[in-house]
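Sharing a structure below in structure tokens format, with a few things to ask.
The values are calculated or read from the model by the stated rules, or taken from the named source; none is laboratory data. Everything quoted here is computed from the prediction, not taken from an experiment. In this analysis, Cβ positions are derived from the backbone assuming ideal geometry, glycine residues included, and neighbour counts consider all displayed protein chains.
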Amino acid sequence: MSADPTGPVGPTGPGEPAAPGPHVLILGGTTEARRLAESLAGAPDSPRVTTSLAGRVAAPVLPPGETRIGGFGGPDGLAAWIGAHGVTHLVDATHPFAERMSFNAAAAAALSGVPLLALRRPGWTPGPGDDWHFADSLTEAATLLPGLGTRAFLTTGRMGLHSFAHLTEPWFLVRSVDPPAAPVPPRLEVLLARGPFTLADERELLVRHRIDLLVTKDSGGSATAPKLTAAREAGIPVLVVRRPAVPEGVPQTGSVEEVQDWLSA
């Protein structure tokens with residue numbers, strides 16, 4: 001599906017005038033965003049819901065309701081879209097590492113006067129038996145990596161592989177929905193797959209590929225957490241990239257149910 005700069009794809013059709021009544025714009029791409037869209041679609045007297053996706057996956061699994069794919073052109077473009085389509089509530093349910101979109105959402109909400117709530121899953125914390133090492137960026141993670149392992153399961157996303165492209169000695173396994181684009185590390189195997197993955201899946205993968213280091217972002221949530229459990233069980237160190245800063249003053253919650261309450265209020 002191609003990006004539509006004028007309107008959503010859904011029951012009303014692209015580019016049609018905004019319908020009266022509540023209109024919730026979900027900045028999505030996460031499990032929580034899909035759950036929210038599903039819960040609103042099935043609710044009595046449900047509002048009009050549009051989910052915006054960045055378009056980085058070639059064939060995304062679309063949530064219920066209307067869908068918009070592609071960028072807005074910064075905070076001014078997002079604010080203009082909000083006004084043109086009668087958006088009454090804005091929910092930032094983007095990935096914890098989509099920091100630019102979160103700042104754009106905060107600025108657009110201020111420009112448009114539309115209330116904003118951030119739906120952010122809680123981050124991960126190490127537990128007993130975990131051997132975690134932390135980095136503040138992918139660049140720092142690439143600097144620390146050679147001292148921690150030689151066969152790395154790299155789960156930081158295909159868009160950031162260029163940060164590790166200069167590492168010629170370690171071997172990397174990357175799992176992705178779509179093939180990554182160059183530059184990538186020279187010793188790389190790509191496994192094309194779409195999650196979620198079970199603990200049994202992750203255990204088998206670590207053994208089959210003789211992984212001795214897991215590299216991940218602090219994405220949080222339960223959908224991708226089994227790899228952390230598998231690494232703990234196997235005694236494998238984990239290199240964790242910390243989350244970036246988020247806009248100050250934006251109310252947030254980790255619960256889809258609390259977003260529903262906020263919309264009802």
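Kindly indicate whether any position in the range 65-77 is closer than 22 Å to PRO244 by Cα and hydrophobic (A, V, I, L, M, F, W, C). Please lay out each step first, then the result.
If we filter the range 65-77 for residues that are closer than 22 Å to PRO244 by Cα, which is where we start, we get 71-75.
From what's left, hydrophobic (A, V, I, L, M, F, W, C): 72.
Yes, because at least one residue in the range 65-77 is closer than 22 Å to PRO244 by Cα and hydrophobic (A, V, I, L, M, F, W, C).
Could you pull out the residue among LEU62, LEU36 that is in a helix (DSSP H, G or I) and either of a type in the set (A, V, I, L, M, F, W, C) or not assigned by TED's automatic domain parsing to the domain that holds ASN104 (or both)?
Among LEU62, LEU36, only LEU36 is in a helix (DSSP H, G or I) and either of a type in the set (A, V, I, L, M, F, W, C) or not assigned by TED's automatic domain parsing to the domain that holds ASN104 (or both).
When you go through (1) in contact (Cβ under 8 Å) with a residue 60 or more places away in the chain; (2) at negative phi one by one for PHE172, which number turns out not to apply?
The failed condition is (1).
Take the range 1-33 and flag every residue that is part of a loop (DSSP other than H, G, I, E, B) and at pLDDT 70 or above.
We begin by selecting, within the range 1-33, every residue part of a loop (DSSP other than H, G, I, E, B); these are 1-8, 10-22, 28-30.
Hits for the range 1-33 are PRO20, GLY21, PRO22, GLY28, GLY29, THR30.
Yes/no per residue for (1) modelled with pLDDT of 95 or more; (2) of a type outside the set (Ser, Thr, Tyr); (3) part of a helix (DSSP H, G or I):
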| position | (1), (2), (3) |
| --- | --- |
| GLY71 | no, yes, no |
| GLY77 | yes, yes, yes |
| ALA80 | yes, yes, yes |
| VAL87 | yes, yes, no |
| VAL91 | yes, yes, no |
| PHE103 | yes, yes, yes |
| THR139 | yes, no, yes |
| ALA142 | yes, yes, yes |
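May I ask you to list pairs of residues, at least six apart or on different chains, whose Cβ atoms are under 7 Å apart, with the first in the range 135-150 being more than 12 Å from VAL215 (Cβ to Cβ) and the second being at pLDDT 95 or above and in a loop (DSSP other than H, G, I, E, B)?
ASP136/ARG242; THR150/PRO170; THR150/ASP212
Let me ask you something else. For residues that are touching a Leu at 6+ places or on another chain (Cβ under 8 Å), over 30 Å from THR88 (Cα atoms) and not hydrophobic (A, V, I, L, M, F, W, C), tally how many sit in the range 109-152.
Going through the range 109-152 one residue at a time, the tally reaches 6.
Conditions (1) under 19 Å from the mean Cα position of the chain (by Cα); (2) assigned by TED's automatic domain parsing to the domain that holds PRO75; (3) not hydrophobic (A, V, I, L, M, F, W, C), marked per residue:
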residue: PHE197; (1), (2), (3): yes, no, no
residue: LEU205; (1), (2), (3): no, no, no
residue: HIS209; (1), (2), (3): no, no, yes
residue: VAL215; (1), (2), (3): yes, no, no
residue: ASP218; (1), (2), (3): yes, no, yes
residue: THR253; (1), (2), (3): yes, yes, yes
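Test of understanding: among ASP178, ASP212, which residue is acidic (Asp, Glu) and touching a Ser or Thr at 6+ places or on another chain (Cβ under 8 Å)?
Values: ASP178 fails: touching a Ser or Thr at 6+ places or on another chain (Cβ under 8 Å).
ASP212 is the lone residue from the list that is acidic (Asp, Glu) and touching a Ser or Thr at 6+ places or on another chain (Cβ under 8 Å).
Against the conditions (1) crowded, with 18+ Cβ neighbours inside 10 Å; (2) assigned by TED's automatic domain parsing to the domain that holds LEU192, where does ALA106 fall short? Just the number, please.
So the condition that ALA106 fails would be (2).
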